[in-house]
1. Please arrange B:Lys21, A:Lys226 by accessible surface area, largest first, computed with a 1.4 Å probe and ligands excluded.
2. Rounded to the nearest 500, what is the 222 nm mean residue ellipticity of the protein assembly as shown from helices alone, with -39500 (n - 2.57) per DSSP H run of 4+ residues and division by all residues?
3. Apply the membrane-span-like helix rule to chain A: whole DSSP H runs, Cα extent along the own long axis of at least 15 Å, mean Kyte-Doolittle hydropathy at least 0.0. List the helices found.
4. Over all residues in A:153-161, what is the mean tally of Cβ atoms on other chains that come within 10 Å of each residue's Cβ?
5. Measuring with a 1.4 Å probe in the full set of protein chains, what accessible area per residue, in whole Å², belongs to chain B?
6. Counting only other chains, and only Cβ atoms inside 10 Å, what mean value do you get across the residues of B:60-67?
7. Below 8 Å, C-alpha to C-alpha, sequence gap of six or more: please give me the relative contact order for the range B:46-99 in percent.
8. Given labels modelled 7 Å from the Cα in the Cβ direction, how far is it in nm from A:Ser62 to A:Asn289?
Amino acid sequence: MSAYFARRFLLILPTFLGVTMMVFAVTRFVPGGPVERMIAEAQSMQGDQVRDSGKVGQAALSEEQIQDLKEYYGLDKPVLVGYVLWLKKILVLDLGISTRYNEPVWDLIKGRFPISIFYGTVTMVLTYMICIPLGILKAIKHKTVIDNISSIFVFVGYAIPNYVVGILMLVLFASYWEIFPMGGFTSENFDELSRFGQMLDILHHAVLPLTAYMAGSFAVMTFLMKNSLMDNLAADYVRTAIAKGNDFRGAVLKHALRNSLIPIATHFGNNVSMILMGSFLVETIFNINGFGLLGFDSIVERDYPVVMGILVISSLLFLVGNILSDICVAVVDPRVQFK
Amino acid sequence: MTTLPLDPLTRKKIHRFRSIKRGYYSAIFLAAAILLSFGAELFVNSRALIVRYEGRFHFPTYGSILPGTTFGLDYRYETKYRELKRKFKAEGRGNWVLLPPAPYNAYENDLTEGIYPPTAPDAGSGHWLGTDSTGRDVLARLVYGFRTAIVFSILLLLCNYTIGVTIGCAMGYFGGKFDLFFQRIIEIWANVPFLYIIIIVASIMIPNFFTLMMIMLFFGWIQMTWYMRTATYKQKSREYVLAARAMGASDPYIIFQHIIPNTISIIVTFMPFSISSGVVVLTSLDYLGFGLPAPTPSWGELLRQGTSNLDALWIVSSVVVSMILLLTMVTFVGEAVREAFDPKKHTVYE
């Protein structure tokens with residue numbers, strides 16, 4: 001078993017290389033990188049000067065300056081060489097410098113961690129806290145009123161993407177009824193509030209985004225719980241437990257439930273990347289300065305060092321998360337043998 | 001139903017599908033909506049359905065534009081039928097115009113002086129769902145956007161499945177180095193954040209319908225490939241394949257006559273979910289502004305307008321309600337199809 005997981009960990013490497021190389025190549029072939037932007041800026045600046053002095057200017061930047069700039073951003077080398085150089089820097093944990101903010105990429109990313117982790121963990125905890133009991137209830141009360149009514153919500157939640165849920169709630173609760181704020185993480189007068197007031201303020205801002213985040217994973221998790229519990233309830237060992245006179249409640253909670261949690265465990269590893277990455281669409285809608293919004297903004301602004309930095313972190317988290325899921329399954333279910 | 005030469009198993013599946021009411025009715029409703037959307041020009045259009053002028057009938061809906069001079073007007077560009085209708089009515093000379101129920105197309109800006117769009121729904125003006133921020137009819141954009149999205153998803157699904165079934169089958173059937181190679185490719189593809197790539201690509205070139213589909217196809221084929229690989233792998237180890245091979249059947253014969261018919265349930269089961277995910281991805285891209293080029297009517301673009309004009313509740317609510325209806329019904333169909341192919345009977349304790 002440990003040999004299997006060792007191999008899985010080794011296989012992270014080629015996948016990681018493939019993913020980063022692909023995105024690196026795409027960012028290289030795209031025009032509008034940092035150098036082009038600087039040329040454009042210099043041109044507009046010179047344009048003002050020309051108007052002031054009445055002289056006709058030459059090209060905004062000389063060939064030499066452009067060359068220097070390209071060298072500075074490492075754009076003067078062919079793609080593969082550039083990639084290897086970038087990789088070497090990654091190995092010493094240097095993610096480079098943002099072309100937009102001129103700050104180290106790592107500092108930018110680090111600044112977004114608290115918000116992302118807050119939303120990620122709260123979403124995860126709430127999802128488990130609601131989905132597992134709801135799934136159990138739906139399994140036991142299969143085809144009753146409770147089951148059917150909750151099914152409608154779960155189905156709608158499953159069908160529509162979570163950012164649409166976000167938009168809907170934003171329109172209803174923030175814009176129309178004005179119960180919750182339109183977005184952001186804290187109010188403007190956050191520093192003036194008391195400790196308790198600050199907590200309330202964060203919660204007040206968090207209700208809508210959290211619901212939107214949950215809408216996605218909520219449905220899948222509830223159905224997973226319900227279906228696996230129903231499969232187990234139909235199994236012989238539960239029938240035996242009931243036949244020998246166990247009460248139904250005991251049979252469900254003691255026997256069936258434990259085995260039904262196994263599929264839930266397979267999902268657990270994915271939380272690692274979910275916690276950090278969230279959904280950039282939800283973050284865009286509610287204007288939450290998390291990880292996802294940083295990634296989206298840097299793509300739009302063509303700040304490729306940040307894009308690559310986020311890609312490194314997210315793909316590693318995702319790959320490790322997948323393996324973690326398998327480990328979870330192996331730990332929970334002794335029948336599973338990985339070879 | 002009886003005229004079709006269906007084998008009893010298929011007939012049983014169809015029967016089972018029809019017995020799941022919400023899935024069955026959703027399927028009928030969706031099929032009708034899709035079919036009707038192909039004739040959307042007859043329901044939502046700025047061109048009139050029938051014009052009766054000087055004893056002659058004109059049917060302007062399809063075909064080339066009819067200049068205003070056709071109806072005795074003094075301009076050579078396309079006739080404004082809504083004005084024509086008012087004019088004919090005022091004249092009262094027996095000429096008449098029959099307009100579609102929603103007499104606007106998805107592109108025209110219906111602006112009235114002194115009123116700033118978006119305007120609220122108003123049956124009198126024919127804007128059943130109001131207008132958007134540039135005065136275009138929301139209903140028209142919703143209907144034509146639906147047609148674009150659904151055609152897009154269906155075409156994307158066909159392409160994805162063709163590639164997926166071919167490569168997936170080959171991977172599962174031939175195994176070996178071919179399988180290993182594509183496994184690595186798939187692993188890499190699955191980890192590339194494909195929305196990022198699409199946004200990067202879309203930010204340099206404005207994609208049209210087909211380039212957008214190509215980009216999505218580039219990432220979309222892996223899911224079906226992976227499922228088909230597993231399914232083929234399972235079928236291949238079954239005795240009937242061994243028997244066929246022992247009798248001297250060739251590889252293509254086994255694949256097309258035995259394996260694909262036996263994996264069809266997987267293909268069919270995933271179809272509804274692929275359609276809804278196609279619609280969702282297209283809508284998200286349009287919402288972010290990286291989808292279809294600007295004046296194309298699309299749900300994502302309406303969503304975007306809705307979120308930037310939060311006071312214009314009719315924009316956001318009409319598109320959100322349509323999305324909920326469409327996607328929920330597609331999910332109902334998908335669930336019923338799955339149930340029909342793979343019925344799960346549960347023991348229930350009283």
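1. So the residues, ranked largest to smallest area, are B:Lys21, A:Lys226.
2. Only helices count here, giving -22000 deg cm²/dmol.
3. Once both thresholds are applied, what remains is A:2-29, A:79-91, A:105-140, A:145-159, A:195-233, A:257-268, A:304-332.
4. 6
5. Per-residue value: 51 Å².
6. 0
7. Value for the range B:46-99: 41 percent.
8. So the label points at A:Ser62 and A:Asn289 sit 4.0 nm apart.
The values are calculated or read from the model by the stated rules, or taken from the named source; none is laboratory data. Everything quoted here is computed from the prediction, not taken from an experiment. With ideal geometry, Cβ positions are generated from the backbone for all residues, glycine too; neighbour counts draw on all protein chains shown. These area figures cover heavy atoms from the full protein model, side chains too; ligands, DNA and RNA do not enter into them. Shrake-Rupley method; radii C 1.70, N 1.55, O 1.52, S 1.80 Å.
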